[in-house]
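Chemist: Sharing a structure with you now.
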Amino acid sequence: MVRLLNVYTISAFAALGGALFGFDISSMSGVIGTEQYQNYYGNPLGMRQGAVTSAMAGGSLVGALSSSFLGDRLSRKVAIQIGAALWCIGATVQSASNGVVMLVIGRVLAGLCVGLTSSLVPIYQSEIAPRKIRGRIVSLQQFAITWGIMVQYFIEYGCSFLDSTASFRVPWALQTIPAVVLFVGLFWFPRSPRWLASKDRWDEALRVLAFLRSANNDVNDPLVLAEYKEIEDQISQEREEESNSYRELFSRKIRKRVWLSMAVQMWSQLTGMNVMMYYIVYILESAGIANSMLASSIQYIINMVMTIPSILWTDKWGRRPALLIGAIVMGFWLFLIGGLLMHYGESNPAFNQPYTWIVVGHPSATRAILASAYLAVATFALSWGPVSWMYPPEIVPLRIRAKSVALATASNWASNFALGFAVPPLLRSIQWRLFFIFGSFNMAAFIHVWFAAPETKQRTLEELDEIFEYGEPLWKSFLGGRRGSNKLDMLAKDIEMGVLKINRSAHIETKHVISENTVFRS
């Protein structure tokens, strides 16, 4: 129990980087409907509001692409700390902004942080987690995102009653608090054992593994030595191949995995979830909801609560079923919203509104649209939300993991940027048809996952190489590691019985007395 608590505590704290992502998502949705924001920034509509919203995603795209270099060179932990420092600078510029240009600059700077942390936090979590709970551990990233969204939105909702620019300056300034906590707190947490091993810091790698896996930090624990042996074998094999990691990303052997991880992150945006997060106020107002700010707050609570079942059970029900069922069900709710708006809506006579199609005099249709929006968010929280962060770091080898996840996260942010920029003008031009487009994206995501995405639950990160190299049928991969899930346990048993000897003399001293402080300082 103690070692699991260590892993949970470290991963939950690192997930503060995900909370910053959540602050990003709701930093606009909670203010764009207020008179204070509209009056101060000149009532931005269409492409102008799209530019403000998507500026964070543009910075995140650059941050995600740079995360591989920083994560491999400085370690996952230090790169996350750099991101936290950038977030503080960006949040300060936003809260002090005197116009749209300065606001966009602040959001771009903060976006650099979100790009770094959204790439590296799942890598860090997956590399310190035992295989049996890896999905649960990485799900903490999505849980933190939902908490960040909810907390920031309620702060903005409360501040919306202030009759001054403090209504949006105060929430944007308060965003610095979790970033400061993350930056300072990471000094007391260990680096990834797999990153340490990749840098030939074998002694530290073993000590961190002992801290994470053994209740009494025993470096001679058979399970610790078995995992150490597996990491060592994989790194030795990678070095024997002497491959160029950048070239290997697009080699025949690896590119299928890289494209798949990029596609999963892209589809997670094209499901339409962030449209519901960014512009839910616009959508609910056009549907005839009187108090759209309050109604939107319920959506964020649903998003947070419905992530919990996925955290608890995703390692049992698997990644593939969650993606397939999530795409079908979420597509249904979006088609329903589009159909209701089409049938019961009419043109908006007020041209200076962010939406040109409204539902008037049909309370049942209004309630159905609201319920469908809530159910679409709940579906995403149970499926694509957490799984899209688990999958990319799981399916690629260590030597290119940071680079591959950087590309995957960059595809997320490229899609996010495009949607954040395009949705406001599309709401004014194609109106209800927008929801049919996103419903169709969900159907396309279902088809792609069905034919391309294997199940990865219960596999060690090293065993996942075998899934793709063997080319086993996707329906067999649904068994989720029954062929290989006991590999690590069998290796540990051989070590314990003396059948297999581990020669660690080249890397480590075998009789260290390990303390928690020593591990943390590594």
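Chemist: Any residue in the range 60-82 that is within 22 Å of Ala422 (Cβ to Cβ), in a helix (DSSP H, G or I) and β-branched (Val, Ile, Thr)? Give the steps one after another, and end with the answer.
Modeler: Just the residues of the range 60-82 that are within 22 Å of Ala422 (Cβ to Cβ), to begin with: 60-65.
From what's left, in a helix (DSSP H, G or I): 60-65.
Right, trim to β-branched (Val, Ile, Thr) and you get 62.
Yes, some residue in the range 60-82 is within 22 Å of Ala422 (Cβ to Cβ), in a helix (DSSP H, G or I) and β-branched (Val, Ile, Thr).
Chemist: Kindly indicate whether any position in the range 340-361 is part of a helix (DSSP H, G or I), modelled with pLDDT of 85 or more and open to solvent by less than 40 Å² (accessible area, probe 1.4 Å). If you could, list the steps in order and put the result at the bottom.
Modeler: Narrowing the range 340-361 to residues part of a helix (DSSP H, G or I): 340-344.
Next, only the ones that are modelled with pLDDT of 85 or more stay: 340-344.
If we keep only those that are open to solvent by less than 40 Å² (accessible area, probe 1.4 Å) too, we end up with 340-341.
The answer is yes, given that some residue of the range 340-361 is part of a helix (DSSP H, G or I), modelled with pLDDT of 85 or more and open to solvent by less than 40 Å² (accessible area, probe 1.4 Å).
Rundown of residues vs (1) in the same structural domain as Ile123 (by the TED database); (2) under 21 Å from Ala402 (Cα atoms), yes/no style:
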| residue | (1), (2) |
| --- | --- |
| Phe161 | yes, no |
| Thr165 | yes, no |
| Phe168 | yes, no |
| Val180 | yes, no |
| Phe183 | yes, yes |
| Ser198 | no, yes |
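Chemist: On to the next question. Which one is most open to solvent (accessible area, probe 1.4 Å), of the residues in the range 155-211 that are within 24 Å of Arg73 (Cα to Cα) and basic (Lys, Arg)?
Modeler: For the range 155-211, the residue satisfying everything is Lys199.
Chemist: Here is a further query. Of the residues Ala287, Ala226, only one is over 30 Å from Gln152 (Cβ atoms) and open to solvent by less than 10 Å² (accessible area, probe 1.4 Å); which? Please lay out each step first, then the result.
Modeler: Details: Ala287 fails: over 30 Å from Gln152 (Cβ atoms).
That would be Ala226, the only listed residue that is over 30 Å from Gln152 (Cβ atoms) and open to solvent by less than 10 Å² (accessible area, probe 1.4 Å).
Chemist: Please indicate, with yes or no, whether at least one residue in the range 245-267 is of a type in the set (A, V, I, L, M), open to solvent by 10 Å² or more (accessible area, probe 1.4 Å) and assigned by the TED database to the domain that holds Phe23.
Modeler: No, the conditions are met nowhere in the range 245-267.
Chemist: Can you tell me which residue among Val93, Val170, Val114 is closer than 20 Å to Met28 by Cβ, modelled with pLDDT of 90 or more, part of a helix (DSSP H, G or I) and within 15 Å of the chain's Cα centre (by Cα)?
Modeler: Val114
Chemist: Tally up the residues in the range 290-299 that are open to solvent by less than 10 Å² (accessible area, probe 1.4 Å) and over 25 Å from Pro425 (Cβ atoms), please.
Modeler: Residues in the range 290-299 being open to solvent by less than 10 Å² (accessible area, probe 1.4 Å) and over 25 Å from Pro425 (Cβ atoms): 1 in total.
Chemist: Okay, next question. Which residue out of Trp313, Trp389 is of a type outside the set (Ser, Thr, Tyr), more than 18 Å from Val281 (Cβ to Cβ), part of a helix (DSSP H, G or I) and without any contact (Cβ under 8 Å) to a residue 60 or more places away in the chain? If you could, list the steps in order and put the result at the bottom.
Modeler: Working: Trp389 fails: without any contact (Cβ under 8 Å) to a residue 60 or more places away in the chain.
Checking each option against the conditions leaves just Trp313.
Chemist: For Leu140, indicate whether it is among the aliphatic types (A, V, I, L, M), closer than 29 Å to Arg459 by Cα and within 17 Å of the chain's Cα centre (by Cα).
Modeler: Details: among the aliphatic types (A, V, I, L, M): yes; closer than 29 Å to Arg459 by Cα: yes; within 17 Å of the chain's Cα centre (by Cα): yes.
Considered against the rule, which asks whether it is among the aliphatic types (A, V, I, L, M), closer than 29 Å to Arg459 by Cα and within 17 Å of the chain's Cα centre (by Cα), Leu140 comes out as yes.
Chemist: For the range 85-103, name all the residues that are surrounded by fewer than 17 Cβ atoms within 10 Å (Cβ to Cβ) and in contact (Cβ under 8 Å) with a residue 60 or more places away in the chain. Full working, then the answer.
Modeler: Step one: of the range 85-103, the residues surrounded by fewer than 17 Cβ atoms within 10 Å (Cβ to Cβ) are 85, 89, 96, 98-99, 101-102.
Hits for the range 85-103 are Ala85, Ala96.
Chemist: Which ones in the range 1-55 are of a type in the set (S, T, N, Q) and more than 21 Å from Ala173 (Cα to Cα)?
Modeler: The answer is Asn6, Thr9, Ser11, Asn43.
Chemist: Taking the conditions exactly as written (open to solvent by less than 10 Å² (accessible area, probe 1.4 Å) and aliphatic (A, V, I, L, M)), does Ala79 satisfy them or not?
Modeler: On the way: open to solvent by less than 10 Å² (accessible area, probe 1.4 Å): yes; aliphatic (A, V, I, L, M): yes.
The answer is yes for Ala79.
Chemist: In addition: List pairs: first residue in the range 26-51 and under 27 Å from Asn303 (Cα atoms) and in contact (Cβ under 8 Å) with a residue 40 or more places away in the chain, second residue among the small types (Gly, Ala, Ser) and outside any helix (DSSP H, G or I) anywhere in the structure, Cβ distance under 6 angstrom, at least six positions apart or on different chains.
Modeler: Qualifying pairs under 6 Å: Thr34/Ser160.
Chemist: Looking only at the range 16-25, decide whether some residue is of a type outside the set (A, V, I, L, M), farther than 22 Å from Leu419 by Cα, open to solvent by 40 Å² or more (accessible area, probe 1.4 Å) and outside the structural domain of Asn416 (by the TED database).
Modeler: As a first pass, look at the range 16-25 and keep what is of a type outside the set (A, V, I, L, M): 17-18, 21-24.
So of that shortlist, the ones also farther than 22 Å from Leu419 by Cα come out as 17.
If we keep only those that are open to solvent by 40 Å² or more (accessible area, probe 1.4 Å) as well, we get none.
Looking through the range 16-25, none of the residues is of a type outside the set (A, V, I, L, M), farther than 22 Å from Leu419 by Cα, open to solvent by 40 Å² or more (accessible area, probe 1.4 Å) and outside the structural domain of Asn416 (by the TED database).
Chemist: Just give me the residues in the range 110-141 being of a type outside the set (D, E, K, R) and open to solvent by 10 Å² or more (accessible area, probe 1.4 Å), in sequence order. Explain how you work it out, then say what you get.
Modeler: Taking the range 110-141 and keeping what is of a type outside the set (D, E, K, R), we get 110-126, 128-130, 133, 135, 137-141.
Within the range 110-141, Leu112, Pro130, Ile133, Leu140 meet the criteria.
The values are calculated or read from the model by the stated rules, or taken from the named source; none is laboratory data. Only a predicted model underlies this, so the values are computations on that prediction, with no experimental measurement involved. Glycine gets a Cβ as well: all are built from the backbone with ideal geometry, and neighbour counts include every protein chain shown. Side chains included, ligands, DNA and RNA excluded: accessible areas come from the protein's heavy atoms. Shrake-Rupley method; radii C 1.70, N 1.55, O 1.52, S 1.80 Å.
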